[in-house]
Amino acid sequence: MRIKEGFALQELCDEHIIVAYGQEHIDFSHIISLNESATLLWKWAEGKDFDAESMAAVVTQHYEVDAATALKDVKQMLEKWDSLKLIDGYK
C-alpha cells in the first residue's frame, strides 16, 4: 500500500494535519488531524510501499505496546485512512 499523491503532512499550531494539494483533492469540508502515533507512521510511510505488519513493527519500536495490539490499532488507522481516500492498495 502507499500514501496517495496529493497529500502532505503539515504542522499548524502544534497540530499535525493532512493537507491536500492539487485540484482533484480539494475538499474543505473537513480537516484531517493526526495524533502522535499516526504522525509517526505517516512520516515513516511517506514515499514508500508499506503494509500493516511493518507499521505495527514501527509502533512496537517506539511505544510500549505488544505486537498484537499494535497490529490491531494500525489496521483500524489504515481503515480510516482508506475511507478518507488517503492511501492506495488497502486490502
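Values quoted throughout were computed directly from the atomic coordinates according to the rules given, and no laboratory measurement underlies them. All values reported here derive from a predicted model rather than from experimental measurement. Glycine gets a Cβ as well: all are built from the backbone with ideal geometry, and neighbour counts include every protein chain shown.
Helices (runs of 4 or more DSSP H) wholly in the chain with at least 3 residues that are on the phi < 0 side of the Ramachandran plot, of a type outside the set (D, E, K, R) and without any contact (Cβ under 8 Å) to a residue 12 or more places away in the chain - which ones? Walk me through how you get there before you give the answer.
Working: elements: 36-45, 52-62, 67-83.
Where helices (runs of 4 or more DSSP H) fall fully within the chain and carry at least 3 residues being on the phi < 0 side of the Ramachandran plot, of a type outside the set (D, E, K, R) and without any contact (Cβ under 8 Å) to a residue 12 or more places away in the chain, they are 52-62, 67-83.
Take the conditions (1) out of contact with any helix residue (DSSP H, G or I) (no Cβ under 7 Å at 6 or more places or on another chain); (2) surrounded by fewer than 15 Cβ atoms within 10 Å (Cβ to Cβ); Ala20 misses just one of them, which is (2).
I'm trying to understand the selection: among the residues of the range 53-86, which are crowded, with 18+ Cβ neighbours inside 10 Å and either touching a Lys or Arg at 6+ places or on another chain (Cβ under 7 Å) or over 19 Å from Met1 (Cα atoms) (or both)? Within the range 53-86, Leu86 is the sole residue that qualifies.
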